[in-house]
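Here's the structure, in structure tokens; my notes come after.
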Amino acid sequence: MDQNHQNAFAYRVIDQANTHNSPTPFRQPNPTPRHGHRPSADSFNSFISQRLAATSVMSDTMRPPAIWFPTLHAGSGADVFTERLVAGLRARDVRAEIAWLPHHAEYAPWSVPVIPAPKWANIIHINTWLPPRFIPDGLPVVATALHCVHDPALTPYKNLAQSLYHKLWIKAVERQNLERAARVISISEYSARQIQATFGTTGIHVVPIGIDPKGAFQAYPAPDKPHKPFRLLFVGNWSARKGADLLAPIMQTLGMDFELWVRAGLRSRQLDALPPNIKQIPRCENETALAQLYRQCDALLFPSRLEGFGMVALEAQACGLPVIATNGSALPEVVKHGISGFLCKTDQTGDFASAIRLLAADRARYEQISLAARQLATSQFSEETAIDKYLNLYQSLLSPPRCGQY
């Protein structure tokens, strides 16, 4: 085959590759330039190599994201976050799978075998607390920080063991993960600021948690609301960070015209010595049962001292519950004071009691806030919007650099 035939054949091959791999085919130069000059063999070979390399890059960019989540089974809202994100991705026909690691892998990683990344995965998504031992090399890493335990606001509520653990172990783990990650995500503006202040990390992407307006968390008409006695609900782990120690004083201040149902989180245990107007509720086995529990109550009481987002507050509002929460950390991003609930001063049990009484005393205002809570949750915290943002971030890791970035 002479040189002209070789040229023509090579151009046809590239044309076919372009047709299959790019919506806008490359323009081909004239194989026989003006003035009768033919390209030299070296320039032609260089041209072919560049074109084939470009075609290969375009083929790579067409790969859909396939995300693997090596995840600590912490028995907390972090588990729920990961499960919901994976479910949302799968609903978009995106391959996403969780590899659960036992909780002790967090503080004794050497005692747990490393799980190799599956061959189908092209992105690793982690929580910043995952020990680096479990993060495979060779794939881009997305790291989500659900909250920042190094926040000075939390310091007074840590015991000595927690303070040392966070300072000497978790902080080092998070620093390594944040430095390694190609993309860092925070679920609130507040947490993003704390991460930047603690680690100096910049370029953090804020993706608030979303909720499916057609999912389990629905608000239904309830002519019997508010109940008598006025029924409050607390959902969360029984810890100082969640403000669990404030619940009894608040309920003692309110008296027997108010009752509190407590569902003590994923790390549930039997609670002792509770006031008579506090009742412990068994753990809900699924979202449907949890949503039904929300709807059986009149308002959410959530005196948490530190929230990276406030998922419980969002769920409650989606079910039409006004939220009485702390005016601190990320909670003002989720609960709008006087609109979808009330925000109270940190640790001020009297403020919480006053807000609850105000809500219970005016049925018309109660119904107005209940409707606004549902509208806020479904309009400003769409799951579809959150998944779109994650997919854009994932795809940005699989796309080639633009011109000038090579």
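So, Thr253, is that one at pLDDT below 95 and part of a helix (DSSP H, G or I) or not?
On the way: at pLDDT below 95: no; part of a helix (DSSP H, G or I): yes.
Spelling it out, it is not the case that Thr253 is at pLDDT below 95 and part of a helix (DSSP H, G or I).
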Can you go through Gly138, Gly203, Gly215 and tell me which one is under 30 Å from Gln292 (Cα atoms), in a loop (DSSP other than H, G, I, E, B) and not hydroxyl-bearing (Ser, Thr, Tyr)? Gly215
Out of the residues in the stretch 337-382 that are assigned to a loop (DSSP other than H, G, I, E, B) and not β-branched (Val, Ile, Thr), which is farthest from the chain's Cα centre (by Cα)? Asp362
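Of the residues that make up the stretch 292-308, is at least one without any contact (Cβ under 8 Å) to a residue 40 or more places away in the chain, assigned by TED's automatic domain parsing to the domain that holds Ala355, among the basic types (Lys, Arg) and surrounded by 15 or more Cβ atoms within 10 Å (Cβ to Cβ)? Let's see the steps before the verdict.
Taking the stretch 292-308 as the starting set, the residues that turn out to be without any contact (Cβ under 8 Å) to a residue 40 or more places away in the chain are 292.
Narrowing further to those that are assigned by TED's automatic domain parsing to the domain that holds Ala355: 292.
After this cut, where a residue has to be among the basic types (Lys, Arg) as well, the list is none.
For the stretch 292-308, residues without any contact (Cβ under 8 Å) to a residue 40 or more places away in the chain, assigned by TED's automatic domain parsing to the domain that holds Ala355, among the basic types (Lys, Arg) and surrounded by 15 or more Cβ atoms within 10 Å (Cβ to Cβ): absent.
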Within the stretch 128-168, how many residues turn out to be in contact with a Pro (Cβ under 9 Å, 6 or more places away or on another chain) and either more than 18 Å from Pro70 (Cβ to Cβ) or not β-branched (Val, Ile, Thr) (or both)? 6
What single numbered condition from (1) in a strand (DSSP E or B); (2) hydrophobic (A, V, I, L, M, F, W, C); (3) within 30 Å of Trp238 (Cβ to Cβ) fails to hold for Ala87? (1)
What number of residues within the stretch 330-374 are at positive phi and touching a residue at least 60 places away in the same chain (Cβ under 8 Å)? 1
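Can Thr288 be described as within 23 Å of Asp79 (Cβ to Cβ) and in the same structural domain as Asp362 (by TED's automatic domain parsing)?
Numbers: within 23 Å of Asp79 (Cβ to Cβ): yes; in the same structural domain as Asp362 (by TED's automatic domain parsing): yes.
When the stated conditions are applied, Thr288 passes them.
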State which residue pairs qualify: first residue without any contact (Cβ under 8 Å) to a residue 40 or more places away in the chain and inside the stretch 196-215, second residue assigned to a loop (DSSP other than H, G, I, E, B) in any location, beta carbons under 7 Å apart, and separation of 6 or more residues or different chains. Gln196/Thr202; Gln196/Ile204; Val206/Ser188
Going by the structure shown, is Glu179 within 30 Å of Ser354 (Cβ to Cβ), outside any loop (DSSP other than H, G, I, E, B) and modelled with pLDDT of 95 or more? no
Scan the stretch 283-297 and tell me whether some residue there is over 23 Å from Thr378 (Cβ atoms), more than 21 Å from the chain's Cα centre (by Cα) and either part of a loop (DSSP other than H, G, I, E, B) or among the acidic types (Asp, Glu) (or both). yes
When you look at Ala143, is it small (Gly, Ala, Ser), closer than 26 Å to Tyr294 by Cα and under 20 Å from the mean Cα position of the chain (by Cα), yes or no? no
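Name the residue that is nearest to Ile187 (Cα to Cα), counting only residues in the stretch 322-354 that are among the hydroxyl-bearing types (Ser, Thr, Tyr) and in contact with a Pro (Cβ under 9 Å, 6 or more places away or on another chain).
Step by step, filter the stretch 322-354, then rank; the result is Thr326.
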Within the stretch 164-193, which residues are in contact with a helix residue (DSSP H, G or I) (Cβ under 9 Å, 6 or more places away or on another chain) and within 20 Å of Met311 (Cβ to Cβ)? Val184, Ile185, Ser186, Ile187, Ser188, Glu189, Tyr190
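For the stretch 265-281, does any single residue satisfy the condition of being buried (at least 21 other Cβ atoms within 10 Å of the Cβ), aliphatic (A, V, I, L, M) and in contact (Cβ under 8 Å) with a residue 40 or more places away in the chain? Step through it out loud before you land on a result.
We begin by selecting, within the stretch 265-281, every residue buried (at least 21 other Cβ atoms within 10 Å of the Cβ); these are none.
Within the stretch 265-281, not a single residue is buried (at least 21 other Cβ atoms within 10 Å of the Cβ), aliphatic (A, V, I, L, M) and in contact (Cβ under 8 Å) with a residue 40 or more places away in the chain.
The values are calculated or read from the model by the stated rules, or taken from the named source; none is laboratory data. All values derive from a computational prediction rather than experimental measurement. Virtual Cβ from ideal backbone geometry, glycine too; neighbours counted across all protein chains shown.
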